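Data block below; observations after.
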Amino acid sequence: MVDHTELPYRPCVGIMLINAEGRIFAGQRLDSTVEAWQMPQGGIDEGEEAEAAAVRELFEETGVRADLVDILARSKEEHFYDLPDDMIGRIWKGKYRGQRQIWFLMRFKGSDADINIE
């Protein structure tokens, strides 16, 4: 077994997007051939603030513009997870052992027509 404890965690944000009815958005991953549903998330670029990354990632993954959301909350602490050993060399070119995530709760003020996942 390879020791990956020397590798850093990838800085990341996650978004829980809720609509006026309290429903949460989760999307099927486009890069998966099996069911793989998740909330919008992605990496924080070097020098980027977490909130800016969350708004950017939300737009990149759903097409939802910043003016269509209100940020309601932010996690107090980062949440860490490790990749399974067999995935470390395949994801992110083996640079990271997992992710450290800051989560945001956002209220979606738009309609289904404002979501574009293609």
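Here are a few things to note about the model shown:
- Distances between placed amide hydrogens fall under 5 Å for Arg74 paired with Leu105, all partners being 5 or more residues away or on another chain.
- Within the accessible area of the chain, the carbon and sulfur atoms contribute 51%, probe 1.4 Å, all protein chains present.
- Tilt relative to the chain, helix 50-62 - C-alpha long axis, 0 to 90 degrees, to 10: 70 degrees
- For the chain, size of Cβ-based charge dipole, Lys and Arg +1, Asp and Glu -1, in debye: 140 debye
- Surface accessible to a 1.4 Å probe, per residue, for the residues of the chain, Å²: 67 Å²
- Counted residue by residue at 0.36 nm each, then reduced by the alpha carbon distance between them, the extension gain from Ala113 to Trp37 reaches 25.4 nm.
- Loop trypsin sites (Lys or Arg not before Pro), the stretch 36-118, which have at most 15 other Cβ atoms in a 10 Å radius of their Cβ (DSSP): Arg65, Lys76, Arg90, Lys95, Lys109
- The stretch 1-93: GluC sites (Glu not before Pro) in DSSP coil with no more than 12 other Cβ atoms inside 10 Å: Glu6, Glu21, Glu35, Glu46, Glu49, Glu77
- Mean residue ellipticity (222 nm) of the chain, computed from DSSP H runs ≥ 4 via -39,500 (n - 2.57), nearest 500: -4000 deg cm²/dmol
- For the chain, share of DSSP beta bridges that run antiparallel, in % to the nearest 5: 60 percent
The values are calculated or read from the model by the stated rules, or taken from the named source; none is laboratory data. Quick caveat: nothing in here was measured; it's all calculated off a predicted structure. Please note: Cβ atoms are built from the backbone with ideal geometry, for glycine as well, and neighbour counts cover all protein chains shown. Surface accessibility is based on the protein's heavy atoms, side chains included, excluding ligands, DNA and RNA. Shrake-Rupley method; radii C 1.70, N 1.55, O 1.52, S 1.80 Å.
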